[in-house]
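Colleague: Pasting in a structure now, in structure tokens, and then I'll have a few things to ask.
The values are calculated or read from the model by the stated rules, or taken from the named source; none is laboratory data. The structure presented is a predicted model; accordingly, all values stated were derived computationally and were not measured. Ideal geometry is used to build each Cβ from the backbone, glycine not excepted, and the neighbour counts take in all protein chains shown. Heavy atoms of the whole protein, side chains included, go into the accessibility calculation; ligands, DNA and RNA do not. Shrake-Rupley method; radii C 1.70, N 1.55, O 1.52, S 1.80 Å.
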Amino acid sequence: MALTVMKFGGTSVASVERLQKVADKVIRKKEAGDQVIVVVSAMGKTTDQLVSMAGEISDRPSKREMDVLLSTGEQVTIALLSMVLNERGHKAISYTGWQAGIKTEAVHENARIASIDTSLIRPQLNEGSIIIIAGFQGVTETGDITTLGRGGSDTSAVAIAEAFAAKRCEIYTDVTGVFTTDPRFVKKARKLKEISYDEMLEMAYLGAGVLHPRAVEYAKNSHLELVVCSSFTDEEGTVIKEEVSMETSKSVRGLAFEKNVTKVTLLGLPNNVSAVSHVFDTIADKKINIDVIVQNVLDEARTNLSFTVDQELLEETLDVLRGSEKELGYQQLIYESELAKLSIVGSGMASNPGVAAEMFHALASQKIKIKMISTSEIKVSTIIDEAKLIEALDTLHETFHLSEEESVSL
Ligand code: ADP
Ligand code: ASP
Ligand code: MG
């Protein structure tokens, strides 16, 4: 019998009334003859509220306790959804991550799933029960509760689908699919019928919050068919799969962005072979993630080095660099806040050298200053002022004809 994993996100399970709508979809799937595993997120803004409560107690609460706290959100949803389904005459059983045998590595707040013991719930599934599993959580070998990083319920769903050899994994959310860019920011954003794993992976890593990047990574590795669709309507969603047909492959498929970016620059760093690695070692020691990097050699003796970090890590980054001023040997430390990273993504770009030029022309025509650039085979990212983000998104959406239906281009 075919198995489908259905995942419902926070907005989709935000109230008891919405849980009834979720139940409608789950029951329909079950009545169509599939075995069903449902993975759910915490209700509405629950996780944010728990984070802010912890913030009232401590600036840096223990990561272990944060995981114990945040994992409670999903536990509420599984029990309520199970009650709704049972009340409507369908046998359903809820499981926390650990009850469902989800083991993770021993890392708090951003753990990777290490294994899933399917034998724990397989009998109930085979008996015909609807299985409801809490997303975003697992347990270490030694019994500590872990979470998978914000947005991680998508990853739970995909990993469960893979472990149970599901025919596909459906991610139900508050938009009708994956769009050319976030439809909340660009009115003309268009829903894509399909997108390749690689393109979706780039989009997700570059800020398209519709899917947790690791969920896409797992789906790609196991060739699992992943679908993003609406919790509220029956509209067809977006299929994420290996290759999208050549006919429908445009050079740029979507735009992704991140806000709250800051740029840190070290002016007059010694121009020797170890200075740059010394800077990044110092930052990495504090587990601070940096992103785009640009180095400008000034002359034989000196070089400037810039990189970006999240706004929330800026203070810590500046503290670390100021604390190591003598060892690093730079002349001045400056920074710029309220920036955004804007990226164009598309696998067709690899064979189309004019794309980056087109992007920069379009931004220049709107007098949008480019502060940094980084590229890979299937993306070009630029750092710009956050105040210009919407204008830049609209311009690039237009430039790359992203509102237009994909046409056959042989
Ligand atoms: P859920 O709670 O269901 O997991 P999320 O808020 O995590 O939902 O993800 C859905 C949101 O992702 C949408 O409301 C939308 O604002 C945002 N989003 C960002 N980029 C895209 C995109 N390219 N396509 C669709 N939605 C996007
Ligand atoms: N509840 C978690 C969060 O808000 C996980 C998820 O929704 O995917 O990040
Ligand atoms: Mg999400």
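Colleague: Going down the list Lys220/Lys379; Lys287/Lys388; Lys30/Lys220, which pairs span over 24 Å between their C-alpha atoms?
Modeller: Lys287/Lys388; Lys30/Lys220, as the Cα separations exceed 24 Å there.
Colleague: Under 13 Å between alpha carbons, and skipping anything fewer than 8 positions from Lys103 in its own chain: which aspartates and glutamates qualify?
Modeller: Counting by Cα, and skipping residues close in sequence, Lys103 has these aspartates and glutamates nearby: Asp117, Glu141, Asp144.
Colleague: Sticking with this structure for a sec: Mean-square fluctuation check for the chain, GNM, Cα pairs under 10 Å: which of Val276, Val139, Val68 is largest?
Modeller: Val276
Colleague: Also, I was wondering about something else. Under the √(5λ) rule applied to the eigenvalues of the Cα gyration tensor, what semi-axes describe the equivalent ellipsoid of the range 231-284? Give them in Å, descending.
Modeller: Three semi-axes, in Å: 44, 18, 12.
Colleague: Let me ask something else about it. Considering only the other residues whose Cβ falls under 15 Å of the Cβ of Met43, what net charge follows from Lys and Arg at +1 and Asp and Glu at -1?
Modeller: Taking every Cβ under 15 Å from that of Met43, the sum is 0.
Colleague: Which whole-number value in Å² is the accessible area per residue of the chain, probe 1.4 Å?
Modeller: 47
Colleague: Is there a quick way to get the dipole size of the range 3-174? I mean about its Cα centre, with the Cβ of Lys and Arg at +1 and of Asp and Glu at -1; what is the value in debye to the nearest 20?
Modeller: Roughly 500 debye for the range 3-174.
Colleague: Using C-alpha positions alone, give me the convex hull volume of the range 133-190 per residue in cubic angstrom.
Modeller: Residue-normalised Cα hull volume stands at 111 Å³.
Colleague: Please grab the % of Cα pairs in the chain that end up more than 30 Å from each other.
Modeller: 48
Colleague: Can you tell me the relative contact order of the range 218-370? Whole percent, Cα pairs under 8 Å, sequence separation 6 or more.
Modeller: 32
Colleague: Positive end of the charge dipole of the chain (Lys, Arg +1 and Asp, Glu -1 on Cβ, about the Cα centre): tell me which of Tyr335, Ser251, Gln137 has its Cα farthest that way.
Modeller: Of Tyr335, Ser251, Gln137, it is Gln137.
Colleague: Then there is this: Once you've got the GNM for the chain with C-alpha springs shorter than 10 Å, pick whichever of Ala215, Ala42, Ala163 has the biggest mean-square fluctuation.
Modeller: Residue with maximal mean-square fluctuation among Ala215, Ala42, Ala163: Ala163.
Colleague: Just check the range 59-104 against the gyration tensor rule for me: Cα atoms, a ≥ b ≥ c as the square roots of the eigenvalues, rounded for a/c under 1.5, and otherwise prolate or oblate depending on whether a/b exceeds b/c.
Modeller: oblate
Colleague: The range 136-172: which GluC sites (Glu not before Pro) are DSSP loop and have at most 15 other beta-carbon atoms within 10 angstrom?
Modeller: Qualifying residues, ordered by number: Glu141.
Colleague: Count the DSSP beta bridges whose two residues both fall in the chain, then state the antiparallel fraction as a percent rounded to the nearest 5.
Modeller: 60
Colleague: Also: Each residue of the range 262-269 in turn: what ³J(HN,Hα) in whole Hz from Karplus with 6.51, -1.76, 1.60 and θ = phi - 60°, glycine and Pro shown as x?
Modeller: Calculated HN-Hα couplings, in order: 10, 10, 10, 10, 9, 8, x, 6 Hz.
Colleague: Now for a different question. Give the percent of DSSP beta bridges with both residues in the range 3-174 that are antiparallel, rounded to the nearest 5.
Modeller: Taking every DSSP beta bridge with both residues in the range 3-174, the antiparallel ones total about 25 percent.
Colleague: Let me ask something else. If I model a spin label at Ile373 and His401 as a point 7 Å from the Cα along the Cα→Cβ vector, what separation in nanometres do I get?
Modeller: Rounded to a tenth, the inter-label distance reads 2.4 nm.
Colleague: Right, here's the next one. Pick out, in residue order, every one of the chymotrypsin sites (Phe, Trp or Tyr not before Pro) in the range 159-203 that is DSSP loop and has at most 11 other C-beta atoms within 10 Å; say none if there are none.
Modeller: none
Colleague: How big is the range 3-174 by Rg and Dmax over its Cα atoms, in Å?
Modeller: Expressed in Å, the Cα Rg and Dmax of the range 3-174 come to 15.3, 50.
Colleague: Using only Cα atoms and rounding to the nearest 10 degrees, what angle (0 to 90) does helix 275-284 make with the longest principal axis of the chain?
Modeller: Between helix and principal axis, roughly 30 degrees.
Colleague: Okay, moving on. In whole percent, and with a 1.4 Å probe on the protein chains, what portion of the accessible area of the chain is carbon and sulfur?
Modeller: C and S atoms contribute 49 percent here.
Colleague: Are there any trypsin sites (Lys or Arg not before Pro) in the range 203-296 that are in a DSSP loop and have at most 16 other Cβ atoms within 10 Å? List them by number.
Modeller: Lys286, Lys287
Colleague: Please state the charge dipole magnitude for the range 250-407, taken about the Cα centre, from unit charges on C-beta atoms (+1 on K and R, -1 on D and E), reported in debye and rounded to the nearest 20.
Modeller: With only Lys, Arg, Asp and Glu charged at Cβ, the dipole is about 260 debye.
Colleague: Given contacts defined as C-alpha pairs under 8 Å and at least six residues apart, what's the relative contact order of the range 3-174, whole-number percent?
Modeller: Dividing the mean separation by the residue count of the range 3-174 yields 31 percent.
Colleague: So, one more: Taking a ≥ b ≥ c as the square roots of the eigenvalues of the Cα gyration tensor of the range 301-410, is the shape rounded (a/c under 1.5), prolate (a/b larger than b/c) or oblate?
Modeller: prolate
Colleague: Among all the lysines, which ones have a C-alpha under 19 Å from Lys326's C-alpha, if same-chain residues fewer than 8 places away are not counted?
Modeller: Partners found: Lys286.
Colleague: Once you've got the Cα coordinates, tell me which of Lys167/Lys193; Lys167/Lys187; Lys7/Lys45; Lys191/Lys341 are over 25 Å apart.
Modeller: Lys167/Lys187
Colleague: Also, quick follow-up: Sort the following peptides by mean Cβ neighbour count (other Cβ atoms within 10 Å, averaged over residues), highest first: 365-375, 3-13.
Modeller: Output ranking for 365-375, 3-13: 3-13, 365-375.
Colleague: Okay, next question. Which whole-number percent gives the relative contact order of the chain, counting Cα pairs below 8 Å spaced six or more residues apart?
Modeller: Normalised by residue count, the contact order of the chain is 14 percent.
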